[in-house]
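Below is one structure, written out as structure tokens, with a few remarks after it.
The values are calculated or read from the model by the stated rules, or taken from the named source; none is laboratory data. This structure is a prediction, so every number in the text was calculated from the model and none was measured. When we count neighbours, we look across all protein chains shown, and the Cβ atoms used for this are built from the backbone with ideal geometry, even at glycine. For the accessible areas, the whole protein counts, side chains as well, though only heavy atoms, and no ligand, DNA or RNA atoms are used. Shrake-Rupley method; radii C 1.70, N 1.55, O 1.52, S 1.80 Å.
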Amino acid sequence: MTKGNFPVDKLKGIETPFYYYDMDLLKKTLKIVKEETKKYGFIQHYAIKANANRRILELIASEGFGADCVSGNEVKVAVNAGFPASKIVFAGVGKTDKEINLALDLNIFCFNVESLPELEIINELANKKGKLARVALRINPNVDAHTHEYITTGLNENKFGFAMAHLDEVMEKLKSLKSVKLIGIHFHIGSQIEDVQVFGPLCKRVNELQTYFEEKEVKLEHINLGGGLGIDYENPDACPVPDFAAYFALFNENLKLGDGQIAHFELGRSIVAQSGVLVTRATYVKHGENKTFVIVDAGMTDLIRPALYQAYHKIENVSSGLPLAKYDVVGPICESSDVFAKGCELNETRRGDMLILRSAGAYGEIMASQYNCRELPKPYYSDKI
Ligand SMILES: *Cc1c(COP(=O)(O)O)cnc(C)c1O
């Protein structure tokens with residue numbers, strides 16, 4: 001979907017703001033991910049937190065993907081949308097007893113465990129149910145993802161995973177925990193990683209850790225590399241589908257897998273981001289002292305990424321073919337950070353024009369809030385309008 005073929009006429013009767021999803025692009029993206037993972041026998045668990053829309057989840061589940069969840073409710077939502085529990089992994093530093101019990105009852109594939117106390121609680125709760133919980137240790141590899149500090153997760157200073165220095169202690173502890181079974185190791189170093197070369201040092205660290213476990217004569221069947229592949233927010237038309245071929249080829253080249261070992265991935269953003277746009281209308285065009293503001297009816301409550309981490313979303317006026325002009329595009333929320341773009345070039349904009357914020361399919365709708373007592377934006381789908 002580009003500005004050129006965005007179906008303005010079909011959507012013009014719908015109250016803004018809303019999300020619009022290009023289901024053909026999503027299908028195409030899923031097909032490419034499937035082809036590229038199949039080449040190497042890799043397994044894909046879609047990261048539910050990027051977009052948990054029922055129709056999107058149903059489509060992804062029907063294509064045979066597993067799910068990566070970070071809360072008990074995500075596990076529930078995944079199962080309800082058709083992901084088999086046997087393909088669900090569950091990460092998160094703060095899993096509560098309720099969430100762990102739910103996942104045990106559903107018999108999910110694996111808990112990605114992030115601390116010693118969590119490991120002990122999973123063992124205790126599994127024991128009470130007479131179950132054996134499959135676990136993978138989430139290890140903090142201390143690899144810099146070179147991304148925004150709010151979305152880097154694999155450095156020693158971050159809260160996620162076991163520190164490598166504590167592994168001896170963990171392995172010792174595991175010997176006494178009879179209701180958990182160690183089946184693998186897990187990593188996730190950050191999100192919106194644009195330079196795939198960053199994953200090279202991750203592979204190197206994983207290979208080193210593999211040697212560590214071999215020396216301890218611990219067999220690991222599953223190596224989970226997490227997600228994090230970035231997308232091109234600047235050029236959504238030129239790069240509607242991220243370069244999955246290069247991403248998976250890099251892992252295939254750099255990762256040393258043992259006999260029978262399977263690599264798992266948990267991509268979220270790169271699968272859904274380009275398929276979604278936030279659709280809004282200009283409520284007012286306001287002339288300030290030395291700039292012009294386009295005040296739109298969408299705000300940070302509908303798409304928080306710009307306010308939260310200065311994220312860039314390309315904005316286009318799909319109603320206007322007038323010459324370009326410079327605007328600050330802002331929302332109506334009573335917060336100074338409610339700004340979508342500063343000094344943004346748009347076709348000359350009038351009140352009522354429809355604007356689209358591109359690449360909003362990931363971490364968009366799912367992060368919407370009702371601050372200022374606003375309504376949540378609704379989703380619309382290209383195959384159902
Ligand atoms: C968020 C998250 C992902 C997905 O990250 P993307 O950048 O959206 O690909 C994968 N695994 C874990 C554990 C996560 O928390």
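Odds and ends about this structure:
- Scan of the stretch 285-322 for residues that are over 21 Å from Val8 (Cα atoms) and either assigned to a strand (DSSP E or B) or of a type in the set (A, V, I, L, M) (or both), ordered by number: Lys286, His287, Thr292, Phe293, Met300, Ile304, Ala307, Leu308, Ala311
- Flag if Gly361 is of a type in the set (Gly, Ala, Ser) and over 19 Å from Ala273 (Cβ atoms): no
- In the stretch 304-319, the residue that is farthest from Ile356 (Cα to Cα) out of those that are open to solvent by 50 Å² or more (accessible area, probe 1.4 Å), in contact with an Asp or Glu (Cβ under 8 Å, 6 or more places away or on another chain) and not aromatic (Phe, Trp, Tyr) is Ser319.
- Residues of the stretch 102-129 that turn out to be more than 16 Å from the ligand (Cβ to nearest atom) and not in a helix (DSSP H, G or I), as a count: 2
- Residue ID - most open to solvent (accessible area, probe 1.4 Å), chosen from residues in the stretch 250-295 that are basic (Lys, Arg) and away from the ligand (no atom under 16 Å from the Cβ): Lys256
- Residue satisfying condition, being assigned to a helix (DSSP H, G or I), out of contact with any helix residue (DSSP H, G or I) (no Cβ under 6 Å at 6 or more places or on another chain) and either of a type in the set (Lys, Arg) or free of Cβ contacts under 8 Å to residues at least 12 places away in the same chain (or both), within set Glu217, Glu208: Glu208
- Residue in the stretch 18-35 that is away from the ligand (no atom under 15 Å from the Cβ), outside the structural domain of Glu221 (by TED's automatic domain parsing) and among the basic types (Lys, Arg) present: no
- Taking strands (runs of 3 or more DSSP E) as the structural unit, those lying wholly within the stretch 1-85 and holding at least 1 residues that are closer than 30 Å to Gly258 by Cα and open to solvent by 60 Å² or more (accessible area, probe 1.4 Å) correspond to 43-47.
- The condition of being modelled with pLDDT of 95 or more and touching a helix residue (DSSP H, G or I) at 6+ places or on another chain (Cβ under 6 Å) holds for only one of Lys314, Lys256, Lys326, that being Lys256.
- Taken together, the residues in the stretch 220-229 that are over 23 Å from Tyr312 (Cβ atoms), in contact with a helix residue (DSSP H, G or I) (Cβ under 7 Å, 6 or more places away or on another chain) and either near the ligand (Cβ under 10 Å from one of its atoms) or open to solvent by 10 Å² or more (accessible area, probe 1.4 Å) (or both) amount to 2.
- Among (1) within 16 Å of the ligand (Cβ to nearest atom); (2) over 17 Å from the mean Cα position of the chain (by Cα); (3) open to solvent by 10 Å² or more (accessible area, probe 1.4 Å) - the single one Gly200 does not satisfy: (1)
- On inspection, Thr301 passes the criterion of being open to solvent by less than 30 Å² (accessible area, probe 1.4 Å), in contact (Cβ under 8 Å) with a residue 60 or more places away in the chain, assigned by TED's automatic domain parsing to the domain that holds Ala325 and of a type outside the set (Lys, Arg).
- Enumeration of residues in the stretch 353-385 that are open to solvent by 70 Å² or more (accessible area, probe 1.4 Å) and assigned to a strand (DSSP E or B): Lys378
- Being assigned by TED's automatic domain parsing to the domain that holds Met171, within 13 Å of the ligand (Cβ to nearest atom) and open to solvent by 30 Å² or more (accessible area, probe 1.4 Å) is a property that holds for Gly94.
- Residue in the stretch 234-249 that is touching a Ser or Thr at 6+ places or on another chain (Cβ under 6 Å), among the small types (Gly, Ala, Ser) and within 16 Å of the ligand (Cβ to nearest atom) present: no
- Filtered by the rule that a residue be within 23 Å of the chain's Cα centre (by Cα) and on the phi > 0 side of the Ramachandran plot, the stretch 306-358 gives a lone residue, Gln310.
- Residues of the stretch 154-195 classified as more than 16 Å from the ligand (Cβ to nearest atom), more than 19 Å from Leu209 (Cβ to Cβ) and at pLDDT below 95, total: 1
- For the stretch 323-352, a residue qualifies if it is among the hydroxyl-bearing types (Ser, Thr, Tyr) and in a loop (DSSP other than H, G, I, E, B), and the qualifying residues are Ser336, Ser337, Thr349.
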